[in-house]
């Protein structure tokens, strides 16, 4: 029973790290209908931004988080202007390849400028485990969970209750009709991408603290998992993405705990194929036809 | 014969062969992201046959092609009802799954890769492979099946309405492209003398998609040109050392932004337009 509870908790934590990346991915996917392959690398840039801030400027958690959010958001803004906007309306595969190119540039740029190896993340929060009786948890794990919940709350609030958010949903559903109603589609896209990037930056710090290190090529693994989460969940409800990410994390943790860890990665793909076979638009459906 | 450039030449030939395979599959609108996995499976199959069972080289390559064809046909059948985008993603998922499974099966070496493969591949084998693949693709292009697959690519519903069996077209084109990939994988296995599960992943497959898009997705020569240029370019850029990959990413991004139809577009303009019938028609119509 102890194993079950511990793995459940681990699963929730891992799931929340997936969720935290997937939400930013989902925001862009839903609004712009494109896969932004540079998103995980924006996440990575945020992580290094936070790392540099923690090393050279300040060790305060909030300052570090702000630094990474800013650096990630800046990259996201530039990406939207230079790459996403010109390619809007064209085949999604083009955007995928272009953002992949940008991702390669970012990864290798950071690897060349800083280090291509794993870099230790300064311990802004202590990683001592806290014993809660049957299970043990550490502060960074709790921070991770809180960050992902807050990100979800921010995105939900933004999309449901703010005027820009409603405009975003309109653009997601029918960009042409939204434009006819006077919505500035370019501005909405810009805000969406920048918001997604900033959230990714915050998430990056919490993940970096969790694992204690940062790596220029970390985008690959997380990118694929986050990608799978949005595909399984469909692009209609952001909350769905969060749910799927948590479920995936829990599933992986349970299988690792009870069976073996070797087939852990295959599970995600198996689940993806199974879900897409039955519901090609994702579990919760999508906006588009 | 080529001295230090030998491995570059062989890799270029192999990449061209693989990209031609992707081109054939893409002709029916199924852009496959499982290419590396299929090639890897072909490589494993052929290597197992030559190393463990002592098969001669050419039948082993053919078996690699057969394995590729079966896997390709299976994927095509599963993804039959899927739309454009989801289709690509499912092929991606298949590819990754195959990679993970290959990682864990000890008979083929698991994470330690499959080694001890006899070194059969040389320049001439690869050249012949490329020539055969190109010939197949070229004949396929001009055949009824080729036209049918282009119809399926452009508009599935309309194609079905004219009596084309979408199932048949999709499965056969995928199998054909996958067979070429499997054979190329077999050749590669006997050159590298190793087949490792890392090579089966999605990023390797994406490489070939990039070659195809860069060179021009709609024309066979585009596939070959794209593969050649993008294989040779990083080698020529060696002098830029660590920023090499950054430059590579930049080139990809810039090409997609400014010339999304690839180097050789569907309506051939420029040099390639002078030598093809499609180009001549286009110029006549423009007058």
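For segment B:160-168, the count of residues that are surrounded by 20 or more Cβ atoms within 10 Å (Cβ to Cβ) and at pLDDT 85 or above is zero. If you take the residues in segment B:169-213 that are outside any helix (DSSP H, G or I) and over 16 Å from the mean Cα position of the chain (by Cα), which one is farthest from the other protein chains (Cβ to nearest Cβ)? Here the answer is B:193. Number of residues in segment B:80-91 that are more than 19 Å from residue B:201 (Cα to Cα) and more than 9 Å from every other protein chain (Cβ to nearest Cβ): the value is 1. Any chance segment A:208-221 includes a residue that's over 18 Å from the mean Cα position of the chain (by Cα) and more than 23 Å from residue A:99 (Cβ to Cβ)? Yes.
Examine segment B:65-76 for a residue that is surrounded by fewer than 20 Cβ atoms within 10 Å (Cβ to Cβ), within 14 Å of chain A (Cβ to nearest Cβ) and assigned to a helix (DSSP H, G or I), and state whether such a residue exists. Taking every residue of segment B:65-76 in turn, at least one turns out to be surrounded by fewer than 20 Cβ atoms within 10 Å (Cβ to Cβ), within 14 Å of chain A (Cβ to nearest Cβ) and assigned to a helix (DSSP H, G or I).
Specify which of the listed residues (A:220, A:210) is away from chain B (no Cβ under 14 Å) and closer than 30 Å to residue A:115 by Cβ. Break it down stepwise before answering.
On the way: A:220 fails: away from chain B (no Cβ under 14 Å).
Selected residue: A:210, the only one of A:220, A:210 that is away from chain B (no Cβ under 14 Å) and closer than 30 Å to residue A:115 by Cβ.
Matching residues to (1) in contact (Cβ under 8 Å) with a residue 60 or more places away in the chain; (2) in a helix (DSSP H, G or I); (3) out of contact with any helix residue (DSSP H, G or I) (no Cβ under 8 Å at 6 or more places or on another chain); (4) within 13 Å of chain B (Cβ to nearest Cβ):
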residue	(1), (2), (3), (4)
A:202	yes, yes, no, no
A:225	yes, yes, no, yes
A:232	no, yes, no, yes
A:235	yes, no, no, yes
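Just one of the listed residues (A:110, A:83, A:75, A:102) is within 7 Å of chain B (Cβ to nearest Cβ), in contact with a helix residue (DSSP H, G or I) (Cβ under 7 Å, 6 or more places away or on another chain), in a helix (DSSP H, G or I) and closer than 20 Å to residue A:216 by Cα, namely A:102. Among the residues of segment A:237-289, those identified as within 14 Å of chain B (Cβ to nearest Cβ), modelled with pLDDT of 80 or more and within 23 Å of residue A:152 (Cα to Cα) are A:248, A:252.
Residues are listed down the side, and each one gets a yes or a no for (1) surrounded by fewer than 20 Cβ atoms within 10 Å (Cβ to Cβ); (2) at pLDDT 85 or above; (3) under 14 Å from the mean Cα position of the chain (by Cα):
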site: B:7; (1), (2), (3): yes, no, no
site: B:19; (1), (2), (3): no, yes, yes
site: B:40; (1), (2), (3): no, yes, yes
site: B:50; (1), (2), (3): no, no, no
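So which of B:137, B:102, B:111 is crowded, with 21+ Cβ neighbours inside 10 Å and modelled with pLDDT under 80?
Values: B:137 fails: modelled with pLDDT under 80; B:111 fails: crowded, with 21+ Cβ neighbours inside 10 Å.
Answer to the check: B:102.
Out of curiosity, is residue A:130 at pLDDT 80 or above and either more than 19 Å from residue A:249 (Cβ to Cβ) or within 21 Å of the chain's Cα centre (by Cα) (or both)? Here the answer is no, as residue A:130 does not meet what is asked. For segment B:45-59, the condition holds for no residue, the condition being that it is within 21 Å of residue B:209 (Cα to Cα) and in contact with a helix residue (DSSP H, G or I) (Cβ under 8 Å, 6 or more places away or on another chain). Being surrounded by 21 or more Cβ atoms within 10 Å (Cβ to Cβ), without any contact (Cβ under 8 Å) to a residue 60 or more places away in the chain and more than 20 Å from residue B:252 (Cα to Cα) is the filter here; which residues of segment A:59-117 pass it? Result: A:67, single match.
Being touching a strand residue (DSSP E or B) at 6+ places or on another chain (Cβ under 6 Å) and buried (at least 20 other Cβ atoms within 10 Å of the Cβ), is that true of even one residue in segment A:208-223? Among the residues of segment A:208-223, at least one is touching a strand residue (DSSP E or B) at 6+ places or on another chain (Cβ under 6 Å) and buried (at least 20 other Cβ atoms within 10 Å of the Cβ), which makes the answer yes. Total residues in segment B:25-64 satisfying the condition of being farther than 20 Å from residue A:266 by Cα and within 14 Å of chain A (Cβ to nearest Cβ): the figure is 4.
With respect to the conditions (1) within 14 Å of chain B (Cβ to nearest Cβ); (2) over 16 Å from the mean Cα position of the chain (by Cα); (3) in contact (Cβ under 8 Å) with a residue 60 or more places away in the chain; (4) not in a helix (DSSP H, G or I), residue A:123 lacks only one, and its number is (1).
The values are calculated or read from the model by the stated rules, or taken from the named source; none is laboratory data. The model shown is predicted, which means the values in this text are computed figures rather than measured ones. Here Cβ is always computed from backbone atoms with ideal geometry, including for glycine, and neighbour counts include all displayed protein chains.
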